[in-house]
Each structure stands twice: as C-alpha cells, then as structure tokens.
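Scroll down for the structure; my scribbles are underneath it.
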Amino acid sequence: MHIGKLAGAVLALACVATGAMAAEVVGQPVDWGLNFQAAGSEMMSELRRFHDWLLWLIFAISLFVLALLVWVMVRYNASANPTPGTRTHNTVLEVLWTAIPAIILVIVAVPSFRILYAADVIPPADMTIKATGYQWYWGYEYPDHGDFYFDAFVVDSADEFEEPRPFARLLSTDLPVVVPVDTTVRVLVTAADVLHAWTVPALGVKVDGVPGRLNETWFRAEREGIYYGQCSELCGDFHGRMPIEVHVVSQEAFDAWVAEAQVEFAHDSPPGEPVLLTQTAH
C-alpha cells in the first residue's frame with residue numbers, strides 16, 4: 001500500500017518536486033547548532049526574541065548570585081570574621097529579596113503571556129489542514145480543497161524519490177505537506193492510537209495529538225522553502241520515524257498542486273474511518 005501510494009503520487013507532486021531542488025531548506029537542524037532554527041514565521045521570531053532576552057536576564061541573575069556567594073565566602077569565612085555576628089533578622093533585606101524576584105517574575109510574565117495568547121488564539125484562517133498521528137506516520141486531510149487525504153511516511157534514502165528533492169535523514173517524507181506562503185493555516189491535530197505531537201520548530205508550532213480529542217494550532221509561513229519537524233511525544237518503538245515535512249510554495253504552485261492532488265487522492269480516506277450505517281424504522 002505504501003509503495004503503491006508513493007508511485008501514484010508522482011503526478012500530484014510533480015509541480016512541487018520540479019522546483020524542490022531550488023527551494024531553500026529553512027527549518028532543518030545543523031551540525032553543532034547552539035540556537036534555534038532560522039525562523040520561518042513571525043510567531044517563531046517572537047519566540048526567539050523572547051528566548052534571547054530571557055537568556056541575558058538569566059545570565060545577569062546568575063552573575064549577581066555568584067558575586068553574592070563569592071562575597072559571602074570571602075567576607076564571612078572563619079579567618080576573615082573570627083567573631084560571628086548575632087544579628088538574625090533584617091527587615092529591609094527580607095523585603096528586598098522577596099520583592100525583587102517577584103518583580104522579575106512579573107517582568108518575565110508579561111511578554112510570556114502575550115506570546116502564549118497569540119499562539120493559542122487562532123486568527124481568521126485562510127485554510128485548514130487536519131493532521132492525524134498513527135503508529136508511526138502522519139495522515140493529512142485538506143478539507144478546504146476537496147477534502148482529499150494522504151499518508152506521509154519517512155524516507156530512508158534520496159533514491160526513493162521519483163523526482164529530485166532535498167533529502168534529510170529521518171526528516172524527509174515521501175509526501176510533504178504543501179501550503180502557500182503568507183497564508184494563515186489552521187492545523188487540526190488528533191491521533192488514532194496513542195499520544196503524538198505535531199511539531200515544526202522553525203514555524204513555532206507544537207501541539208499534542210490526543211486520541212478522541214481535536215486540538216488546534218496555526219502558523220503563517222513568511223518564507224518559501226522546506227521545513228522539517230518530528231513527532232515530539234514518545235509514541236512507541238518507531239517514534240523517531242514519523243517526521244513532518246512542510247513545503248511552503250507560492251500561491252500559484254499551491255493551486256497547481258491542489259488541482260493534481262484532488263484527482264490523485266480523490267478516493268483515499270483515513271484508515272479506520274468509521275462507516276456510517278443508515279437505520280430504518282420498524
């Protein structure tokens with residue numbers, strides 16, 4: 001079934017694969033990387049700015065605490081202070097070491113809550129995609145574009161591609177998710193068996209797929225290119241083999257891909273989809 005679907009999808013992916021070699025791989029881990037992936041959306045840019053600012057704040061607090069520890073060790077060791085003081089309380093000091101951390105937490109909470117709210121509240125969406133996690137692959141539906149469906153499996157070698165495409169080990173899939181650039185995409189996420197998580201770091205997206213529950217998130221890619229992600233919940237033996245590959249293309253390329261995909265995947269349906277039975281009255 002997997003091989004047949006891969007072979008049959010060549011026509012549907014032709015318009016994407018033709019220009020894939022020229023596409024920029026935006027969201028991919030790099031060797032010895034120490035920071036986030038390059039941001040592909042405004043949400044990820046906000047998260048990165050908040051992270052960088054918070055890192056400097058934590059660094060300053062750590063230096064201050066280290067300086068206090070060094071000062072106490074030097075000033076109040078037994079040789080430098082042979083006669084210990086008898087003071088047990090200092091009201092001003094106790095107020096300061098309670099108030100200052102509280103103020104710092106408020107300063108951190110304000111931008112944190114703002115970003116959390118922006119990520120949680122979905123703006124008016126231009127299109128919707130449904131992602132369903134299975135053991136161990138992802139299934140995708142496009143309800144706004146003919147309600148077609150396809151499965152995306154991990155690809156072990158670039159030789160498996162029918163058309164030339166960038167290949168990333170344990171990140172490339174036979175069929176990528178395709179969305180247009182500068183488009184607000186709502187993603188409905190669920191799971192068919194165990195907990196999964198649909199995660200694309202460069203787009204600032206991470207949401208759990210829970211069996212029997214429909215979660216949602218959103219992203220708006222600002223750059224054309226290829227973005228990679230993975231399931232971020234420990235979902236079983238092959239947890240590391242259910243990656244996510246998102247191709248962000250122009251609106252024209254997306255429209256051409258949809259036209260082909262509507263034909264190619266017209267008769268596919270999610271595995272395990274319930275069959276509705278019509279009851280007759282007696």
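What ranking do 79, 172, 112 get, fewest neighbouring Cβ atoms within 10 angstrom at the top?
79, 112, 172
In percent, how large is the relative contact order of the chain, given Cα pairs closer than 8 Å and 6 or more residues apart?
25 percent
Using the membrane-span-like helix rule (whole DSSP H runs, Cα extent along the own axis of at least 20 Å, mean Kyte-Doolittle hydropathy at least -0.5), which helices of the chain qualify?
42-75, 91-120
Starting from the coordinates of the alpha-carbon atoms of region 13-139, obtain the Kirkwood hydrodynamic radius over all distinct pairs and give the value in Å to one decimal.
About 20.9 Å, per the Kirkwood formula over Cα pairs.
Report the residue, chosen from 248, 179, 72, that carries the largest GNM mean-square fluctuation when the chain is represented by alpha-carbon nodes joined by springs under 10 Å.
72
Between region 151-194 and region 209-251, what is the separation of their alpha carbon centroids in Å?
8 Å
Test of understanding: in a Gaussian network model of the chain with alpha carbons linked when under 10 Å, which of 89, 51, 145 would top the mean-square fluctuation ranking?
Top of the fluctuation ranking is 89.
Looking at the chain, what % of its DSSP beta bridges pair antiparallel, to the nearest 5?
70 percent
Obtain the radius of gyration and the Kirkwood radius of the chain from its C-alpha atoms and give Rg over Rh.
Rg/Rh for the chain comes to 1.17.
In deg cm²/dmol and to the nearest 500, what is the mean residue ellipticity at 222 nm of the chain if only DSSP H runs of at least 4 residues count, each as -39500 (n - 2.57), divided by the residue total?
Counting only the DSSP helices, I get -11500 deg cm²/dmol.
For the chain, modelled as a GNM with alpha-carbon contacts under 10 angstrom, which of 128, 83, 183 fluctuates the most?
Sorting by GNM fluctuation, first place goes to 83.
At most 14 other Cβ atoms within 10 Å and a DSSP loop assignment: could you name the trypsin sites (Lys or Arg not before Pro) in region 165-273 that fit?
169, 213
Only four residue types carry charge here, +1 at the Cβ of Lys and Arg and -1 at the Cβ of Asp and Glu. Report the dipole size of region 43-120 about the Cα centre in Debye, rounded to the nearest 20.
180 debye
Name the residue from 231, 92, 258 whose Cα lies farthest towards the positive end of the charge dipole of the chain, charges +1 on Cβ of Lys and Arg and -1 on Cβ of Asp and Glu.
The one lying farthest along the dipole's positive direction is 92.
Just so you know, all these numbers are worked out from the coordinates, no wet-lab data involved. No experiment lies behind these values; they were computed from the predicted model shown. Cβ coordinates were reconstructed from backbone atoms using ideal geometry, including for glycine residues, and neighbour counts include every protein chain displayed.
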